[in-house]
1. Can you find a residue in region 161-172 that is in contact with a helix residue (DSSP H, G or I) (Cβ under 6 Å, 6 or more places away or on another chain), under 20 Å from Ile270 (Cα atoms) and in contact (Cβ under 8 Å) with a residue 12 or more places away in the chain?
2. Go through region 16-31 and give me each residue that's closer than 11 Å to Ala62 by Cβ and within 20 Å of the chain's Cα centre (by Cα).
3. Which is acidic (Asp, Glu) and touching a Pro at 6+ places or on another chain (Cβ under 9 Å), of Glu25, Glu19, Glu61?
4. Considering each of Lys209, Lys248 in turn, give the residue that is closer than 30 Å to Ser148 by Cβ and more than 19 Å from the chain's Cα centre (by Cα).
5. Can you name every residue in region 174-205 that is hydroxyl-bearing (Ser, Thr, Tyr) and either assigned to a loop (DSSP other than H, G, I, E, B) or farther than 24 Å from Glu268 by Cβ (or both)?
6. Would you check if Ala112 is closer than 23 Å to Arg57 by Cβ, in contact with a strand residue (DSSP E or B) (Cβ under 8 Å, 6 or more places away or on another chain) and aliphatic (A, V, I, L, M)?
7. Scanning for something part of a loop (DSSP other than H, G, I, E, B) and either touching a residue at least 24 places away in the same chain (Cβ under 8 Å) or under 15 Å from the mean Cα position of the chain (by Cα) (or both), does region 51-64 turn up at least one residue?
8. Just give me the residues in region 3-49 being assigned to a loop (DSSP other than H, G, I, E, B) and in contact (Cβ under 8 Å) with a residue 60 or more places away in the chain, in sequence order.
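Read the figures in this text as sums done on the coordinates, not as results from a lab. Quantities reported herein were computed from a predicted structural model and do not represent experimental measurements. When we count neighbours, we look across all protein chains shown, and the Cβ atoms used for this are built from the backbone with ideal geometry, even at glycine.
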Amino acid sequence: MARISLGINNCFAVKRWPEPEMLMEIIAQELGVKYVQFSFDLLDPRTSEPVRSKMCRLYKEAAIKYGLEIQSTFSGICAYSYNLMLHPDPGMRMDAVKWFEEAITVTSLLGAEATGGHLGALSMRDWQNNTGSSQLLEEMYLFLQHLSAVARFHNLNYLIWEPMPVAREMPCRIDQAKKFYEEVNAKTALPVYYCLDLGHQCTYTEEGKDQDPYAWLTEVGSFSPMIHIQQTDGLRDHHWPFTKEYNKLGIIDPERVIAALNESGAEEVILYLEAIHGFEENEQKVLDEIKESIDYWRDYLE
């Protein structure tokens, strides 16, 4: 049986609650979860010093004050807009490596054990060119070897790679995920694990089990120590909350998620709620729907 815990990706707080004390108080006292996945949308890893270290200290101290654990950091929406380590220009790829080096430093300053997320997206031209995409993927393997050594130097435990809902943002198939996992971890200084997302099995180029979130959980769950949970209809990466309204439309059922994780052989997993509301949404509604979602999942996990 997998040991399953509940956490929150703090993307819900972006531009709303950037104050470390207020954010950690909301998570601890209103949401009642322990584990926090820190989104870099709240603090760009390239923020200049000394303010970067100051903000890390404030977030870390606030988390400790409220009995929370900043367990990991994640790339966020801003970085997801970039091609990163699969950019067609070599200078841009090198710049992406530098971004992740800084992300590792910030993760260490926050006292978290892992970082990662979206690693790269191929351009349409490179995706259609099998030779070009293979070369870029091999180069990204080398980047991950380097970054794993940097992460080890900073006392992190592992790196995170998030399978995505677009074919150019690999892996988006189960066979790819298994293949990449074996190939990458053959030479890295630290493990590179996955962070599955229950709404990412909607890649329009795929079909069958590759569009089934429960198949992903069963076959890849054993090397995904964290999972982003969102409600979705399986057609788009909606990032809906788990409210009565969206649960009627969605395909994500907690009992099936837990059963699939147990079948996968996973030992310990944190389920991070990653509900993303529009910036124009009413703040109280955002909090209410986040709380309803947490309570919904807590009932199943308890």
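1. Within region 161-172 (the criterion being in contact with a helix residue (DSSP H, G or I) (Cβ under 6 Å, 6 or more places away or on another chain), under 20 Å from Ile270 (Cα atoms) and in contact (Cβ under 8 Å) with a residue 12 or more places away in the chain), the answer is yes, since at least one residue qualifies.
2. Scanning region 16-31 gives Leu23, Met24, Ile27.
3. Glu61
4. Unique residue meeting the criteria: Lys209.
5. The answer is Thr188, Thr203, Tyr204, Thr205.
6. So Ala112 passes the test.
7. No, every residue in region 51-64 fails to be part of a loop (DSSP other than H, G, I, E, B) and either touching a residue at least 24 places away in the same chain (Cβ under 8 Å) or under 15 Å from the mean Cα position of the chain (by Cα) (or both).
8. Val14, Lys15, Arg16, Gly32, Val33, Phe40, Leu43, Pro45
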